[in-house]
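Structure, as structure tokens:
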Amino acid sequence: MALTPTQRRNQRTIIIIALICIVPFAAAWYFARHPQWVMGDLGNVGHLITPAIPLDYGELLAAPVTSSESMAQLRGRWIVLSVADGPCAEVCRQNLYKTRQMRLMLNKEIPRVRRLLLLTDPGAADALADWLRQDEFLAVAGLAPTLREKLEKAVGGPLQPGQILLLDPLGNLMMYYDADFDPYGVLKDLKHLLRASQIG
């Protein structure tokens, strides 16, 4: 039996209502299974660490080099983390420059992001004295062997010169970037995370 125009309209309305209810759940399920689509994985800029690896702030900041004030400002913020084996050589200094410029490009979101350099040899910080005078928002600490193990677990192998890692405001290692990372790609990821996050 043919449907009347009113019945057809009612049928279309029911289908639309059903789609409105189903589509958001289906999209949420899909993006949960494919997080790279949420992160905007263009050119594999960042590598998502799944599951995220929690770090203890006490371990992370156990051997401070810079002031206690600069170290305290790391808690509860997004942290861009670099590691230097021995002295902070050319690749390390390039990273410090790129991450500083990247942070400045965050504009009003700048207070939510801090940078931390971990040194395998805390004595190497002496050579960074001039840099630290010009970069008051860079915190520096020593790298404990147990912490190094967690960082290497996060990146799936030995740390490479120039790699950076990203911690969320709860202290979870959640992303890492290869040594030749594009600062604009990292910036894009960070902006996305800051928009989506209600913390930090």
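The values are calculated or read from the model by the stated rules, or taken from the named source; none is laboratory data. Since the structure is predicted, the reported quantities are computational estimates derived from the model, not experimental observations. When we count neighbours, we look across all protein chains shown, and the Cβ atoms used for this are built from the backbone with ideal geometry, even at glycine. Accessible surface is based on the protein model in full, side chains and every heavy atom, while ligands, DNA and RNA are left aside. Shrake-Rupley method; radii C 1.70, N 1.55, O 1.52, S 1.80 Å.
Wrap a convex hull around the Cα atoms of segment 84-200, take a quarter of its surface area, and give that in square nanometres. Spell out each step's value before the answer.
On the way: hull surface 28.6 nm².
Average of the hull's projected areas for segment 84-200 equals 7.1 nm².
If you take the Cα atoms of the chain, find Rg, then find the Kirkwood Rh from the mean of 1/r over all pairs, what is Rg/Rh?
Details: Rg = 22.2 Å, Rh = 18.8 Å.
With Rh from the inverse mean 1/r over Cα pairs, Rg/Rh is 1.18.
Based on the Cα atoms of segment 41-112, what semi-axes does the equivalent ellipsoid have, where each is the square root of 5 times one gyration tensor eigenvalue, given in whole Å with the largest first?
Details: eigenvalues 85, 63, 54 Å².
Ellipsoid semi-axes (Å, largest first): 21, 18, 16.
How would 88, 21 rank on accessible area, largest to smallest, probe 1.4 Å? Display every interim value, and only then the final one.
Values: 88 10, 21 75 Å².
Largest to smallest exposure gives the sequence 21, 88.
Taking all protein chains as present, what is the carbon and sulfur share of the accessible area of the chain, in % to the nearest whole number, probe 1.4 Å? Show your work: numbers first, answer last.
Details: 6830 of 11340 Å².
Whole-percent figure for carbon plus sulfur exposure: 60.
Please state, to two decimals, what the Cα-based radius of gyration of segment 92-136 comes to when divided by 2.2 N^0.38 Å (N = residues). Before the final figure, lay out each step's value.
Values: Rg = 11.7 Å, N = 45, 2.2 N^0.38 = 9.3 Å.
So segment 92-136 has a normalised radius of gyration of 1.25.
Give the lysines reachable from residue 188 as a straight Cα distance under 18 Å; neighbours fewer than 8 places away on the same chain don't count.
Here the lysines satisfying the reach criterion relative to residue 188 are 98, 108.
DSSP beta bridges in segment 73-188, what fraction antiparallel, as a percent rounded to 5? List each step's numbers first, then the result.
Working: 8 of 20 bridges.
Of all bridge pairs located within segment 73-188, approximately 40 percent are antiparallel.
For the chain, set up a GNM with springs between Cα atoms under 10 Å and report which of 51, 111, 183 has the largest fluctuation.
Ranking 51, 111, 183 by mean-square fluctuation puts 51 first.
At 1.4 Å probe size, with every protein chain present, just tell me what the per residue accessible area of segment 70-132 comes to in Å².
On the way: 2730 Å² over 63 residues.
Ligands and nucleic acids excluded, the result is 43 Å² per residue.
Run the numbers on segment 101-200 and let me know its relative contact order in percent, using alpha-carbon pairs under 8 Å that are six or more apart. Before the final figure, lay out each step's value.
Details: 84 pairs, mean separation 24.8, N = 100.
RCO, segment 101-200: 25 percent.
Add +1 for every Lys or Arg and -1 for every Asp or Glu among the other residues with Cβ under 15 Å from the Cβ of residue 159, and state the total.
On the way: positive: 148, 150, 153; negative: 85, 121, 149, 152, 178, 180.
So the environment of residue 159 carries a net charge of -3.
Taking a 1.4 Å probe, which of 180, 85 shows the most accessible area, and what order do the others take after it? Spell out each step's value before the answer.
Details: 180 130, 85 90 Å².
So the residues, ranked largest to smallest area, are 180, 85.
With point charges of +1 on the Cβ of Lys and Arg and -1 on the Cβ of Asp and Glu, referenced to the Cα centre of segment 84-200, which listed residue (167, 110, 122) lies farthest in the positive direction of the dipole?
Selected residue: 110.
Not counting ligands, DNA or RNA, and with a 1.4 Å probe, what is residue 15's accessible surface area in Å² rounded to the nearest 10?
Rounded to the nearest 10, the figure is 90 Å².
Just reorder 197, 68 by solvent-accessible area, largest first, 1.4 Å probe, all chains present.
On the way: 197 25, 68 95 Å².
Heavy-atom accessible area, descending, gives 68, 197.
Quick one: dipole size for the chain, taken about the Cα centre, charges +1 on Lys/Arg Cβ and -1 on Asp/Glu Cβ, in debye to the nearest 20. It would help to have the intermediate numbers written out before the result.
Working: 21 positive and 19 negative charges, 279 e Å.
The calculation lands at about 1340 debye.
Considering only DSSP beta bridges whose two residues both sit in the chain, what percent are antiparallel, to the nearest 5?
Details: 13 of 25 bridges.
Among the beta bridges of the chain, antiparallel pairing accounts for roughly 50 percent.
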